[in-house]
Amino acid sequence: MKQKTDDEENGSKRRNKMAAATMSPYFGQQMSSKSDLVPAWTSQEVSTGTTIMALEYDGGVVIGADSRTTTGAYIANRVTDKLTPIHDRIFCCRSGSAADTQAIADVVTYQLGFHSIELDEPPLVETAANLFRASCYRYREELTAGILVAGWDRRKGGQVYCVPIGGMLVRQPVSVGGSGSSYIYGFMDSNYKPNMTKDQCLELTAAAVSLAMERDGSSGGVVRLASISKDGVERRVILGNQLPKYSTH
């Protein structure tokens, strides 16, 4: 084989150095920090939207929600079921991050199932609410989850518990949540009365959620309703073309 001369080797080294010097500023600029490799939207606040509510009546509870799941301005799911069963006569209404609330609901369902097996009887609604409170409070810095826990048990009848973001727990005769709730507080103050019947609560819930859906861009789709009592759970859906209309345009 023919050996390279000293001049050829020196010339090859010089070319390699020039190529490295030419490309290094480009790679240095691209790899200057880890943030250059991460899209800007990952550091922005997540926009979520929902309307959920729950009411107590003599003998049970009524819960309702819209069905729109949004990713910012994009509607990811038009027919989400935000009324999640936790046990036979205990449901939760989910608002906030869909992933967070689904994960918490799965954990509480698992824990409550074991608790019911140990007791050999149906669990209490208050027990379910305290399990939600414990998870939401323990992971309050990581989760975006606002939960309404509603159901019926033989000890206290129909009950509604509110677990807002941060992990507080309070029982309320009527509770609303989600981005659409800010549009209907006045409506609920005017129309909710103590000792309402089951049918009146269903009618009020459908009207309130429909009004929130009309005003809140992050709420929409269909209205899902459920009534829970000692006789079990009755569910119904009000489709978009059957919703009450409030605006004049």
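Going through the stretch 172-186 one residue at a time, which ones are open to solvent by less than 50 Å² (accessible area, probe 1.4 Å) and without any contact (Cβ under 8 Å) to a residue 24 or more places away in the chain?
Listed by number, the list holds a single entry, G186.
Quick check, is R235 open to solvent by 70 Å² or more (accessible area, probe 1.4 Å) and under 21 Å from the mean Cα position of the chain (by Cα)?
yes
Can you name the residue in the stretch 74-127 that is among the small types (G, A, S) and touching a strand residue (DSSP E or B) at 6+ places or on another chain (Cβ under 6 Å) and, of all such residues, is farthest from E234 (Cα to Cα)?
For the stretch 74-127, the residue satisfying everything is A76.
Just to be sure I understand, how many residues within the stretch 211-229 are open to solvent by 10 Å² or more (accessible area, probe 1.4 Å), out of contact with any strand residue (DSSP E or B) (no Cβ under 6 Å at 6 or more places or on another chain) and of a type outside the set (D, E)?
Of the residues in that region, 5 qualify.
Go through the stretch 187-210 and give me each residue that's within 28 Å of Y74 (Cβ to Cβ) and surrounded by 22 or more Cβ atoms within 10 Å (Cβ to Cβ).
T205, A208, V209, S210
Taking the criterion of being touching a Phe, Trp or Tyr at 6+ places or on another chain (Cβ under 6 Å), more than 20 Å from Q159 (Cα to Cα) and not hydrophobic (A, V, I, L, M, F, W, C), would at least one residue in the stretch 181-204 satisfy it?
no
Between a first residue in the stretch 124-143 that is farther than 14 Å from C92 by Cβ and a second residue that is in a loop (DSSP other than H, G, I, E, B) and open to solvent by 80 Å² or more (accessible area, probe 1.4 Å), which pairs have beta carbons less than 7 Å apart while being 6 or more apart in sequence or on different chains?
Partner pairs satisfying both residue conditions: L124/R155.
So is L124 at pLDDT 95 or above and touching an Asp or Glu at 6+ places or on another chain (Cβ under 8 Å) or not?
yes
Quick one: which strands (runs of 3 or more DSSP E) sit completely within the stretch 170-249 and have at least 1 residues that are among the acidic types (D, E)?
Counting at least 1 such residues, we get 232-238.
Just to be sure I understand the filter: pairs with C-beta atoms under 9 Å, separated by 6 or more residues or on different chains, first member in the stretch 238-249 and closer than 18 Å to D81 by Cα, second member surrounded by 13 or more Cβ atoms within 10 Å (Cβ to Cβ) and modelled with pLDDT under 85. Which pairs pass?
Listed by first residue and then by second, the contacts come to I238/P244.
If I ask for residues that are open to solvent by 50 Å² or more (accessible area, probe 1.4 Å) and in a strand (DSSP E or B), which ones from the stretch 64-77 would you list?
Within the stretch 64-77, T71, Y74, I75, A76, N77 meet the criteria.
The values are calculated or read from the model by the stated rules, or taken from the named source; none is laboratory data. Since the model is a prediction, treat every value here as computed from it, not as a measurement. Note: ideal-geometry Cβ built from the backbone for every residue, glycine included; neighbour counts use all protein chains shown. With ligands, DNA and RNA removed, areas are computed over all heavy atoms of the protein, side chains included. Shrake-Rupley method; radii C 1.70, N 1.55, O 1.52, S 1.80 Å.
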